[in-house]
Amino acid sequence: MGDSMVNQPTQPMQRQPDRFLIGIVAGLIVLLIAAAISVIFLRQPAQELPVDTPGGTVQRFYTALQKGDYAGAYNYLSDSMANKPNLVEFINYNTSYYPNGYHNSSQQRIRIDNITVNGDDATVPVAVTTYYDSGGPFGSSGDYTSTEVFSLHRDNGTWLITIAPPQYLPYSNR
């Protein structure tokens with residue numbers, strides 16, 4: 001007669017782990033660990049420049065603006081500044097024109113470039129990179145960089161700003 005099938009007890013198949021899937025998961029874990037380490041070590045705060053330098057003065061001016069300490073920022077302006085606003089004008093301008101602070105540290109990066117010192121006078125160019133998200137349907141984003149230039153004068157060992165970029169001063173004082 002024909003071949004008869006012999007029923008033998010079947011053992012459940014042991015499923016081998018998918019090595020490809022394990023490799024992908026392991027790779028993702030390594031990438032996440034590398035990203036965490038880079039964020040921890042690369043997002044260090046900017047090194048504070050010495051207070052008795054032109055760059056240190058400009059850095060502290062920006063820091064005061066970022067913190068909303070407009071009176072503190074005002075203290076870095078020289079009395080010899082042409083058309084220097086008074087403290088109330090400076091504060092009113094910066095709090096009304098820039099209600100959330102001019103330099104939002106999460107959206108801007110400030111880099112002090114090549115400082116030129118000539119005796120008791122100095123020029124401090126600052127590159128300000130602004131990051132933005134257009135919020136469009138495709139999530140486009142980008143950045144742009146502008147240069148702001150400060151002039152400073154050293155008086156009795158203290159560097160003070162004699163010329164500031166116009167966006168920090170009320171229109172009547174530019």
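What to note about this one:
- Note on the range 22-57: among residues that are at pLDDT 85 or above and not in a helix (DSSP H, G or I), the one that is nearest to the chain's Cα centre (by Cα) is Glu48.
- Top-ranked residue in the range 95-154 [being among the aromatic types (Phe, Trp, Tyr) and in contact with a helix residue (DSSP H, G or I) (Cβ under 6 Å, 6 or more places away or on another chain); ranked as modelled with the highest pLDDT]: Phe150
- Matching residues, the range 58-86, being surrounded by fewer than 18 Cβ atoms within 10 Å (Cβ to Cβ), part of a loop (DSSP other than H, G, I, E, B) and not basic (Lys, Arg): Gly68, Asp69, Asn75, Asp79, Ser80, Met81, Ala82, Asn83, Asn86
The values are calculated or read from the model by the stated rules, or taken from the named source; none is laboratory data. Quick caveat, the model's predicted, so the values are computed rather than measured. Quick reminder, even Gly has a Cβ in these numbers, built from the backbone with ideal geometry, and neighbours come from all protein chains shown.
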